[in-house]
Structures are given as C-alpha cells and as structure tokens.
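Computed from the coordinates by the stated procedures, all read-outs in this text should not be read as laboratory data. These numbers come from a predicted model, not from an experiment. Here the Cβ is made from the backbone with ideal geometry for all residues, glycine too, and neighbour counts use every protein chain on show.
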Amino acid sequence: MKRVLIGVSILFLVLNLSAQQDAQFSQNMFLTAPINPGAVGIKGMRCVDLVAREQWLGFEGRPETGMLSFNTPVGSQYSNFGLGGVMVYDKIGFENNINFKINGAVNFDLGSSGGKLGIGVDIGILQKGFSGNVKAVDPTDPTVAINGTNDMGFDVGFGIFYYKDKKLYFGLSGQKLLPQQLDFGTGAQPTIRQHAYITAGYYHQVRGEGDDSFVLKPNMLVKTDLTSTQVDVNLTAMFNNNFWLGASYRVQDAVVANVGFNLGQNTRLGIAYDYTTQGLRDKGTYTSWDESGNVASTNDNNRSIGSVELYIGHCIIPAEPRPYEIYVDPLFL
C-alpha cells in the first residue's frame, strides 16, 4: 500500500513558519477572550464560540483549524470575576497541535461612564506531534525521523482589556510566555515563540445615538512573535442588529470578506472567505512518493484558492440571583 510522502519544502514550512505557531482566524472581532484573558467575563455574558477553518484550499499540507472557547462572569452579569476555557486544534502538514487552557480575570468597574478594565491570566498545556512519512533530499537530515513523535509544553498567558458598554474595546496580551523548547528525540527541537497581541474595536451608530439600524464596527488585530508581525484591519457594517457584512485586509497575505446574521436572540453565525494575495496563489508542483522512493503522483496545479472560515457563537445573560432566601413553610409540605 502506498503512503503519500510530502516533500522537504512542506516540512520546512511546518518547522519555520512562525506566524502559524498560533492559529490564524479572520473573524477576530468575535474572538477577543481566546487571545486575551483580560476579556473573560467582562461583557457580563456567558458565551460559547466555535470556529472551523480551512486555510489555503487546494494547497497540499494546508492548515486545518478548529477552536472551542467559553467564558462567563462568575455569578451575575455584574460580577467582577470571569472564568473561561479554550481548546484549539491546528493541523499543518504533518504537524498536529492541540492547545488547551483555562483563563480567569478580575474586572474593575471604572465608573458609570468609564467602562471596565479586565486583568487576566491563562494557563494550560500544548501538545505538538508529527505523523506521516517524510522524504528529505538529505537522508542524514535528523528531521526525517519525526514520524510518530510528540512532546508537550506549558502555555502561560497574560492580558489587559478595556471594554466600554459595547461601544469601544482595546487590549494587550501575551501568549506562550514561558520560554521553552520541545524535544522530539530526533534532533528536531522547535522553539515555542512568545506571541503578543494588540486588539481594538469601535461601535459607531451612523444614524445617531440609540439607533442600531445601521452601525459601523471597525476593528483591528496585530499579532507578533517579535520575528514576524501580522496585521488584520476590518470594517463591518451591521444592519438592524441582525445582519452584517464586512471586509478585511491582512497585510501581505489576504483580502477577506465576512458576512453573518443572528439566529434568534442569542446565537450568531458568521462566514469568512480569504482571497490569498501571496505567492501561494500561484501554480506550483506537488510530488508524492511511494515507500520505494518512486514518484507516485505529481500535481502541477498545487496552489491556494483561498481560505474559508465558519463561526458560530451563542451568548446569554446570566439570571440575577434572588434578593432573598427561599423560605419553605412546613405546613404546606
């Protein structure tokens, strides 16, 4: 039985594309809490977010990503504490990444018109593993023996997040702050890079204060590992607080269109499409080999036709606690 073998160029991509150490998403306006623990619970709602992403469709070894996150205030919507959790699965070529973390925040009320400031931390584990067979040009390359290997590390993050009554938000956070190297026992020891995020967004009611019939929501995300930097700028227009349409530009990478609508009062659905502007959109050659080292197949149209992302979110406001204790009269038992 033949096994598909990915060339050394894909392996190089997996081990060195630092911007992909953290999963990439396009609908970042919905995903502040997963990248900034200071945002956990700050909106006073219990929220579940699910994202599925296929990046660089048509390109062999492309990233396939899924994320599930949850965050909530502890107790009522006016609580000053928040708790949450995030789980991310990210597959890139032979590389499989699983990241799970829990996060918590303390939210400070800055007054009736001053908004809230959240300060949070997260802690978790990350597992990186490799599966498949690698054929390298140089057979002495130690990375050819990574098949079936995996290692685990720790994930520690910190964030500060400001939020003002759905009108304005901005935050600064760091992820994977603990310096460490993973050891696959084969000479391959990738370094876990520290990541910093800057995020901001604004809610502008075009037709006047209190009128949600037409709203513009500009937002941005800057992500850097101090070696490479990625910048996403987005403008989304929302109509009647029910339907939205937007566009983004990711510097030197993609142009993005996003659309979505509310499914009832508490659930929203969003879809994004990235049109690749980098060299991956150009035709290339992808070759696979059998176990004997013979060419099994060749694809001369290996290129990205874009990326697709599906988002589903559900938020509810916690019920207020009773202002009195329940009393039971034994005469009515």
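Label point of residue 77 set 7 angstrom out along Cα-Cβ; within region 29-61, amide nitrogens under 20 Å from it belong to 30-33, 39-49. Spin-label pair residue 275-residue 298: with each label point 7 Å from Cα along the Cα-Cβ axis, the two points sit 3.2 nm from one another. As a calculated quantity, the FRET efficiency between residue 241 and residue 181 at R0 = 56 Å, using C-beta atoms, amounts to about 0.70.
Extension gain for residue 89 to residue 113 (0.36 nm times residue separation, less C-alpha to C-alpha distance): 4.7 nm. For region 229-291, the average shadow cast by the Cα convex hull is 7.7 nm², which is a quarter of the hull's surface. Treating each Cα of region 160-210 as an identical point scatterer and summing with the Debye formula, the log10 of I(q)/I(0) at q = 0.20, 0.23, 0.30, 0.31 Å⁻¹ comes to -0.77, -0.87, -1.07, -1.10.
With the simple model of a label 7 Å out from the Cα in the direction of the Cβ, residue 207 to residue 191 spans 5.4 nm. Compute the distance from the alpha-carbon center of region 81-127 to that of region 202-276, in whole Å. Each part reduced to its Cα centre gives a spacing of 21 Å.
Annotation note: chymotrypsin sites (Phe, Trp or Tyr not before Pro) in region 59-125 located in DSSP loop regions with a Cβ neighbour count of at most 12 within 10 Å are 78.
For region 173-293, the alpha carbon positions stretch 66, 37, 29 Å along the principal axes, listed from largest to smallest.
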